[in-house]
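For reference, the structure is listed below as structure tokens.
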Amino acid sequence: MAIYTCGHKIPDSDSICSAISLAYLLNKLGKKAIPARQGEVNLESSFILETFNHEAPMLKTSFANEELYIVDYSDLAQAPEDISEANIIGIVDHHKLGDITTSCPLECWIRPLGCSSTVLKQMYDFYKIDIPKDIAGLMLGAILSDTIVFKSPTCTEDDIKAVKDLAKIAKVDDYKAFGMKMFEIKSQVENASASELIKRDYKDFNMHGQKIGIGQLELIDASVLDKRHGELKKELELLRQKEGLHTAILLLTDIMKEGSTVLVSSKQEDIFEKAFNVKLEDSTVWLDDCLSRKKQIIPFLEPAFK
Ligand code: MG
Ligand code: MG
Ligand code: MG
């Protein structure tokens with residue numbers, strides 16, 4: 001029976017590329033593995049796959065009675081609906097520990113690094129498995145994406161070292177230029193509807209019994225959306241009602257100005273205000289230096305719901 005490797009819902013480049021590189025590693029270790037994805041391949045991930053001439057993982061959303069190795073998450077809210085019927089054999093991740101539990105022992109490679117692909121690079125080193133050029137390119141793209149080309153506070157020395165090693169293998173001389181090209185592609189928002197923008201990089205969380213949804217757009221110039229804040233807030237409100245969320249949030253992250261405009265729709269805005277010690281104006285606030293949902297939003301918001 002093959003093991004499926006698969007990342008979170010609404011897959012980002014790390015979820016796509018890490019599923020592929022983990023499956024390759026498992027196959028090299030003598031375990032038959034097939035990379036999968038729970039949703040559409042986004043523009044940035046398509047660019048990375050095309051650059052390194054690799055096909056996308058297969059689309060698969062049901063894993064009942066299958067062996068599953070999860071990458072880039074451990075929250076039930078980001079898992080396939082039937083995950084309780086899957087046999088989870090391992091986790092590779094770099095987020096807070098989520099609420100997925102298992103009935104059998106499993107292998108966990110969870111480290112507080114900037115990207116699951118950095119954890120994977122360390123796994124390849126541990127097992128002394130050579131990384132092929134195309135796989136190295138995918139891992140490189142994932143790390144540059146997750147760390148916002150080293151700007152994110154989640155970026156560590158291990159991530160920078162992994163990028164340098166992988167760039168050599170993938171024969172990418174100017175990896176920073178490659179990373180910025182990825183963010184140019186990610187910054188295309190003109191033709192997208194408000195709901196597409198909110199859901200482009202969106203995650204659900206269960207915070208002490210309350211459902212919270214947080215989307216993030218990482219843009220080279222977030223001012224291109226200044227005129228659409230009202231429209232985006234209306235759409236957040238609709239989403240919140242439709243999905244029974246307590247709070248729906250959209251981070252409009254400006255990677256050059258290094259901060260985020262946060263749009264909030266909430267049953268109780270004061271919970272958000274207290275968590276970040278800010279006053280929302282028209283359900284909006286600028287958070288200076290805020291680039292990371294995982295490190296600068298969730299650790300403050302989650303305790304506020306206790
Ligand atoms: Mg991810
Ligand atoms: Mg990641
Ligand atoms: Mg990200």
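What follows is calculated from the coordinates using simple rules that are stated; it is not laboratory data. Remember, it's a predicted structure, so these values are computed and weren't measured experimentally. Reconstructed Cβ throughout: ideal geometry from the backbone, glycine too, with neighbour counts over all protein chains shown.
Quick notes on this structure:
- When restricted to residues that are acidic (Asp, Glu) and surrounded by 17 or more Cβ atoms within 10 Å (Cβ to Cβ), region 48-98 contains 5.
- Looking only at region 147-176, residues that are in contact with a strand residue (DSSP E or B) (Cβ under 9 Å, 6 or more places away or on another chain) and part of a helix (DSSP H, G or I) come to 0 in all.
- Test: Lys176 is without any contact (Cβ under 8 Å) to a residue 12 or more places away in the chain and of a type outside the set (A, V, I, L, M): no
- Qualifying residue in region 219-235 (condition: in contact with a Lys or Arg (Cβ under 6 Å, 6 or more places away or on another chain), within 18 Å of Lys267 (Cβ to Cβ) and not polar (S, T, N, Q)): no
- Evaluating Pro132 against the criteria (1) in contact (Cβ under 8 Å) with a residue 40 or more places away in the chain; (2) surrounded by fewer than 19 Cβ atoms within 10 Å (Cβ to Cβ); (3) within 14 Å of ligand 1 (Cβ to nearest atom) leaves one unmet condition, (3).
- The criterion of at least 3 residues that are more than 22 Å from Gln78 (Cα to Cα) is met by the following helices (runs of 4 or more DSSP H) wholly inside region 212-306: 229-242, 269-276.
- Test result for Ala194, over 27 Å from Ser21 (Cα atoms) and touching a Lys or Arg at 6+ places or on another chain (Cβ under 8 Å): yes
- Matching residues, region 272-306, being of a type in the set (A, V, I, L, M) and more than 16 Å from ligand 1 (Cβ to nearest atom): Ala275, Val278, Leu280, Val285, Leu287, Leu301, Ala304
- Filter result for Asp204 (surrounded by fewer than 22 Cβ atoms within 10 Å (Cβ to Cβ) and closer than 19 Å to Pro303 by Cα): yes
- Note on region 87-97: residues that are more than 16 Å from Ala23 (Cβ to Cβ) and more than 16 Å from ligand 3 (Cβ to nearest atom) total 2.
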